[in-house]
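The block underneath contains the structure these notes are about, expressed in C-alpha cells.
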Amino acid sequence: MAIYTEKVMDHFQNPRNVGEIPDADGVGTVGNAACGDIMKIYIKVDKDKIVDAKFKTFGCGAAIATSSMCTEMVKGKTIDEALAITREQVADELGGLPPVKMHCSNLAADALHAAIKEYQCKKTGDQSSACSGATDAPKPTA
C-alpha cells in the first residue's frame with residue numbers, strides 16, 4: 001500500500017512554481033522545529049488578486065508537494081479567497097496525506113497566510129512588529 005497519493009508524488013517529483021519573486025508583494029516564512037521543514041511563499045498581487053505565487057522549501061517530499069499545491073491553489077484568487085484556503089484543503093487537493101505528515105499542509109497554508117499578512121501590512125503602511133511576514137518560526141539562513 002502506497003503511503004502517498006499519485007498527486008502528492010507528482011507535486012514532489014515535478015513541483016510547480018519553485019523559486020522566488022524578486023519584487024514580491026508579500027513573503028511568508030514558517031518552519032517546524034520538530035521536523036526541520038522550512039517554507040517560504042512569495043506572492044505577487046494586482047488589483048487585489050494573486051497573479052503569481054512561488055515557493056522555496058527545505059523539507060520532506062510532503063512539504064515540497066504541499067508548497068507546490070498551495071501555490072497552484074492560490075493563483076487567480078482574490079486576497080479574501082486566498083485567506084480562506086485552509087490547511088485541510090491543501091491536503092485534500094493532494095488526495096490526502098498520512099496523519100504523520102499533516103503538519104506539512106499546515107505549514108503551506110500558514111506560509112501563504114503570512115505572505116498575505118505582509119502584503120496587507122505593506123498596503124496599509126503598518127510597520128509594527130505584528131506585521132512581519134514570518135511567524136515565530138526560524139528563518140532559513142540561505
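The figures follow:
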quantity	calculated
Normalised convex hull volume, the range 42-87, alpha-carbon set, Å³ per residue	58
Under 12 Å, Cα to Cα: Lys pairs in the chain, sequence gap 8 or more or different chains	12
Separation between Cα centres of the range 54-84 and the range 12-26, rounded to whole Å	9
Rough spin-label spacing in nm, given labels placed 7 Å along Cα→Cβ, for D80 and I3	4.1
Qualifying trypsin sites (Lys or Arg not before Pro) in the range 8-61, DSSP loop, other Cβ atoms within 10 Å at most 12	K47
Per residue convex hull volume, Cα atoms of the chain, in Å³	103
Check: the range 6-131 dipole with +1 on Lys, Arg Cβ and -1 on Asp, Glu Cβ, in debye	160
Chain lengthening between K123 and K49 when straightened (0.36 nm per residue, less Cα-Cα)	25.3 nm
For the range 1-70: rounded, prolate or oblate by the Cα gyration tensor [a/c cutoff 1.5]	oblate
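Rule-based calculations on the coordinates, nothing more; no lab input. The model shown is predicted, which means the values in this text are computed figures rather than measured ones. We place every Cβ from the backbone using ideal geometry, glycine too, and count neighbours over all the protein chains shown.
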